[in-house]
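Notes follow once the structure below has been shown.
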Amino acid sequence: MRPPRFWDRDVDPRSREAAPLTRLLLTPLAMLYAGVTERRIAKTQPLRLSIPVICVGNLTAGGTGKSPVAAGLRDMLKARYPGTRIATLSRGYGGALKGPLKVDVSTHTASDVGDEPLMLACSGEAWIGADRAAAGQAMEADGVDLIIMDDGHQNPSLNKDVSLIVIDSEAGFGNGYVIPKGPLREPVAAGLARADAVIVTGPGDIPEELSGTALPVIRATIQPTAPLQKQAYVAFAGIGRPEKFFDTLEACGSKPLDAVPFPDHHTYSDSDVRYLNELAKQYDAQLITTEKDFVRLREDQRSGIVTLPIRAEFGDRSALDRVLAPVADRMAR
């Protein structure tokens, strides 16, 4: 399901497109949602592990580049602490298994553990657990040295040594309202108050809501890990903001001849794949998609489809090192 258009920040609030009556009617529900989140965070006593935890979260529903940032952090810290086990921890959204468990790409599917954990497991160690505290304990007992939570800023069950908020520069905070009136999971001020830094992805300007924050604001670019082969492409993506993937292809010099968006976490049917293959055949083009979409495809659906592997590259490494100092201290003990 796609988010409603009135959630977007580029909609004129006085226009019909902004759905002012709908937003007005949703105000009580938004207040209830924000209140429930606030009370849950205030009442929960987080579990503190003997190993450090970094949370890579966000304040909005939808794609911000959070998972590539988590993977980029994992790669960076693995290089910094060779011989240590650094693993991501996800809820496992969309998967039937609740964990805690270590994701195994040879046996698990996206329907088992969710697409993002399976994607993260393709490049490193990844775990899932609907109960984050129980999952953290299981990872600690199994010998993991550092946990990177992929999402979980609004989940207070596990103590975080460092909390990073990821924001897409183009989407920003949407219309500034809490779900279902807008895309926010909580008010911006409340979310930033529990953060240690903000990671801004995308080429756009820093969102104006961050102009008064005292938090470090670090730019990150989501870049391909290898050059894209120059040829004709038909692209498809079922992520939070499919247009980001299509724009990335264009920035790489290969604007797709056609681009097909699907809802986030879309499960591809055989008819979807037949349609995409027919479309590529019409254009005499190569089908290309995201890593996250590729892991949702069944093995028999993947033939003839390539991916664009990406990772986050951090701009101000010295600022990021200062933010991660508490983790470095704990890793040195």
Next item on the list: Using Cα positions and a limit of under 16 Å, work out the lysines in reach of Lys255, with same-chain residues fewer than 8 apart set aside.
Entry: Lys230, Lys244
Checklist line | Whether segment 1-85 is rounded, prolate or oblate, judged on the alpha carbon gyration tensor where a/c under 1.5 counts as rounded | finding: oblate
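Taking only DSSP H segments of four or more residues, each worth -39500 (n - 2.57), what value at 222 nm results for the chain once the sum is divided by all its residues, to the nearest 500 deg cm²/dmol?
Working: 11 runs with 112 residues, N = 333.
Only helices count here, giving -10000 deg cm²/dmol.
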Check: Alpha carbon centre of segment 63-112 versus segment 168-217: separation in Å?
Finding: 24 Å
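Quick one: net charge around Val36, please, counting Lys, Arg +1 and Asp, Glu -1 for every other residue with C-beta under 12 Å from its C-beta. List each step's numbers first, then the result.
On the way: positive: Arg39, Arg40, Lys43, Arg185; negative: Glu38, Glu186.
Once positives and negatives cancel, what remains is +2.
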Notebook entry, point to check: Carbon and sulfur atoms: what percent of the 1.4 Å accessible area of the chain do they account for?
Noted result: 54 percent
Checklist line | Lysine pairs in segment 21-172 with Cα atoms under 21 Å, if 8 or more residues apart or on separate chains | finding: 7
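If packing is taken as the average number of other Cβ atoms within 10 Å across a peptide's residues, how do 119-129, 218-228 rank, most packed first? Don't skip to the answer; put the middle values down first.
Numbers: 119-129: 23.3, 218-228: 15.4.
Per-residue Cβ counts within 10 Å, averaged per peptide and sorted highest first, yield 119-129, 218-228.
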Checklist line | segment 24-44 and segment 230-246: distance between their alpha carbon centers, rounded to Å | finding: 35 Å
Notebook entry, point to check: Using the Cα gyration tensor of segment 41-138, with a ≥ b ≥ c the square roots of its eigenvalues, what is the shape: rounded (a/c below 1.5), prolate (a/b larger than b/c) or oblate (neither)?
Noted result: rounded
Item checked: Residues of the chain: accessible area per residue with a 1.4 Å probe, Å² -> 47 Å²
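The values are calculated or read from the model by the stated rules, or taken from the named source; none is laboratory data. Since the model is a prediction, treat every value here as computed from it, not as a measurement. All Cβ positions, glycine included, derive from the backbone under ideal geometry; neighbour counts span all protein chains shown. Ligands, DNA and RNA are stripped out before the accessible areas are found, and what is left, the full protein with its side chains, is counted by its heavy atoms. Shrake-Rupley method; radii C 1.70, N 1.55, O 1.52, S 1.80 Å.
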